[in-house]
Amino acid sequence: MKPIGIYIHVPFCEKKCPYCNFYSIAPTKELIASYKNRIIDELYLLGKKLNRTANTLYFGGGTPSILAAETIGEIISAAKSAFKLKSSEVTLEVNPTSASKINFDKLLSYGVNRLSIGLQSANENELQLLGRQHTVQMARNTVITAQKAGLNNISLDLMLAIPEQTLESLFYSIEFCSELNVQHISAYLLKVENGTPYFLNKNHLNFCDDNSQSQFYLAACKKLEELGFLQYEISNFSKPGYKSQHNLKYWDALEYLGLGPSAHSFINKKRFYCKNSLTDFINASPTIDDGFGGYEEEYSLLRLRLTDGLNNELFFNRFKKNIPKRYFENAKLYEKPGLVTLTDSSIKLTKPGFLVSNELISRIIL
């Protein structure tokens with residue numbers, strides 16, 4: 001059985017961003033201590049129950065960098081013991097506002113070897129409109145301090161098509177990332193989620209229309225690749241050899257275990273998740289069943305998010321059958337408009353295809 005990935009949701013934020021719909025709450029010392037103890041207990045419990053090894057560990061959030069380095073080290077130690085985690089990719093999401101309190105040397109010694117830093121923009125006015133608490137200089141200092149400690153696998157998050165953004169300001173943000181010599185960039189189109197402050201105030205904010213979003217996305221893809229960041233997924237770009245190994249598990253329909261409130265798991269062909277409640281998690285509330293996963297259609301849907309697309313050799317290795325002919329027949333309808341590229345053994349979405357991926361993929365695999 002292949003090693004699994006482990007995702008740990010850290011549900012603490014000092015302040016919630018107006019566009020964010022991830023589960024998070026304000027931290028206290030008592031809540032952090034109870035959370036840490038429950039995470040460690042779950043790691044040992046499930047390690048014994050599943051009897052699996054793991055080769056990636058990802059601390060997401062929330063704001064994982066709120067946790068003390070020693071707390072993160074204890075969790076990593078438990079994962080190593082319970083799931084024989086070693087020679088692994090261990091990622092920590094970092095908010096530049098908490099970075100000044102982080103001991104990167106200790107994190108590296110505990111096993112953290114990859115950072116995902118929430119930059120979002122390198123323009124001060126855009127950061128303010130996004131409700132971010134950090135400055136551009138704080139983000140720069142975070143990257144430089146981490147690099148000096150020996151962390152040389154760093155990803156920066158960027159948001160596209162945000163209020164007041166221009167192509168000029170977007171290119172400045174991309175060049176800012178490149179000049180810091182990071183290895184990976186995640187570039188996401190802003191999505192206004194139901195129930196967020198952005199959604200409630202959408203009539204008073206200057207959001208981009210669909211045409212403008214397309215322009216920002218395609219321009220970002222071109223600029224990133226000119227600077228050596230090769231696209232490998234709809235929103236992810238890396239220097240050679242620096243793809244996110246943990247996130248690739250999601251897109252390749254491989255197994256992963258999610259711990260913490262709101263975390264999702266896919267183990268033994270079953271999907272399940274934890275409630276959006278820290279109290280329920282600390283009290284060991286049962287997870288919620290989310291059906292079966294890994295079937296042909298789901299695998300195809302996820303693989304088509306990757307620039308490598310759907311490949312017949314990989315499909316056959318997984319399901320002992322070829323890609324259904326109807327997939328090729330359906331995809332053929334979108335080849336001439338330039339939304340997909342086809343060979344006798346593969347289906348790949350183009351960059352314009354990625355812009356309409358949800359609708360396009362559903363039409364291909366229906």
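For the stretch 92-99, 3J(HN,Hα) computed residue by residue from phi via the Karplus equation (6.51, -1.76, 1.60; θ = phi - 60°) reads 10, 6, 10, 9, x, 5, 9, 5 Hz, glycine and proline entered as x. Residues whose amide H falls under 5 Å from that of N103, counting only those 5 or more places apart or on a different chain, are A69, with hydrogens built in the peptide plane. For the pair S169 and S87 in one chain, pulling the backbone fully straight at 0.36 nm per residue adds 25.6 nm over the alpha carbon distance.
Projecting the Cα positions of N21, S277, P3 onto the charge dipole of the chain (unit charges on Cβ atoms of Lys, Arg, Asp and Glu, taken about the Cα centre) puts P3 furthest along the positive direction.
Give me the dipole magnitude in Debye, nearest 20, for the chain about the Cα centre, with unit charges on the beta carbon: positive for Lys and Arg, negative for Asp and Glu. Please list the in-between numbers first.
Details: 41 positive and 36 negative charges, 227 e Å.
I would put it at about 1100 debye.
For the stretch 68-80, putting each phi into the Karplus relation 6.51 cos²θ - 1.76 cosθ + 1.60 with θ = phi - 60° gives couplings of 5, 4, 5, 5, 4, x, 5, 5, 4, 4, 5, 5, 5 Hz, in residue order, rounded to whole numbers and with x for Gly and Pro.
Across the cross-link table entries K16/K191; K249/K269; K2/K49; K222/K351; K191/K270, which are compared at the Cα atoms, the separations over 18 Å belong to K191/K270. Applying 0.36 nm per residue to the separation of R318 and N103 and subtracting their alpha-carbon distance, the gain on full extension is 73.1 nm. In loop segments of the stretch 14-72 as defined by DSSP, the chymotrypsin sites (Phe, Trp or Tyr not before Pro) with at most 15 further C-beta atoms inside 10 Å of their C-beta are F22. DSSP assigns beta bridges within the chain; of those with both partners inside it, close to 40 percent run antiparallel. The candidate values are (1) 64, 51, 38; (2) 62, 45, 43; (3) 58, 49, 40; the one derived from this structure for Cα extents along the principal axes in Å carries the label (3).
Phi angles of the stretch 330-343 translate, via the Karplus equation with coefficients 6.51, -1.76, 1.60 and θ = phi - 60°, into HN-Hα couplings of 5, 5, 4, 5, 10, 6, 5, x, x, 9, 9, 10, 10, 10 Hz per residue; Gly and Pro are given as x. Applying 1/(1 + (r/R0)^6) with r as the Cβ-Cβ distance of T135 and T341 and R0 = 35 angstrom yields a FRET efficiency of 0.25. For the chain, the residue among S212, L257, G241 whose Cα projects farthest onto the positive side of the dipole built from Cβ charges is L257.
For the chain, what is the mean residue ellipticity at 222 nm derived from helices alone (per DSSP H run of n ≥ 4: -39500 (n - 2.57); sum divided by total residues; nearest 500 deg cm²/dmol)? All intermediate terms of the calculation are to be shown ahead of the outcome.
Numbers: 15 runs with 148 residues, N = 366.
Rounded to the nearest 500, the figure is -12000 deg cm²/dmol.
Around the amide H of L230, modelled in the peptide plane, lie the amide H atoms of S238, K239, all under 5 Å away and 5 or more residues distant in sequence or on another chain. In this rough spin-label picture, where each label sits 7 Å from Cα along the Cβ direction, the L333-E226 distance is 3.6 nm.
Shown for the chain: cysteine residues without a partner Cβ closer than 4.7 Å, namely C13, C177, C208, C221, C274.
Stretched out fully, how many nm does the piece from V356 to E179 gain, at 0.36 nm a residue minus the Cα gap? Write down the numbers at each step before the final one.
Values: separation 177, 0.36 × 177 = 63.72 nm, distance 3.12 nm.
Answer, rounded to one decimal: 60.6 nm.
The relative contact order of the stretch 302-365, computed from alpha carbon pairs under 8 Å that lie at least 6 residues apart in sequence, is 36 percent.
Would you mind counting up the charge near K223? Only other residues with Cβ under 14 Å from its Cβ, with Lys and Arg at +1 and Asp and Glu at -1. Don't jump to the answer; show the numbers that get you there.
Values: positive: K222, K351; negative: E168, E175, E179, E225, E226.
Here the count lands on -3.
Every number here is computed from the coordinates shown, using simple stated rules; none is lab data. Fair warning: this is a prediction, and the values are worked out from it, not measured in the lab. Virtual Cβ from ideal backbone geometry, glycine too; neighbours counted across all protein chains shown.
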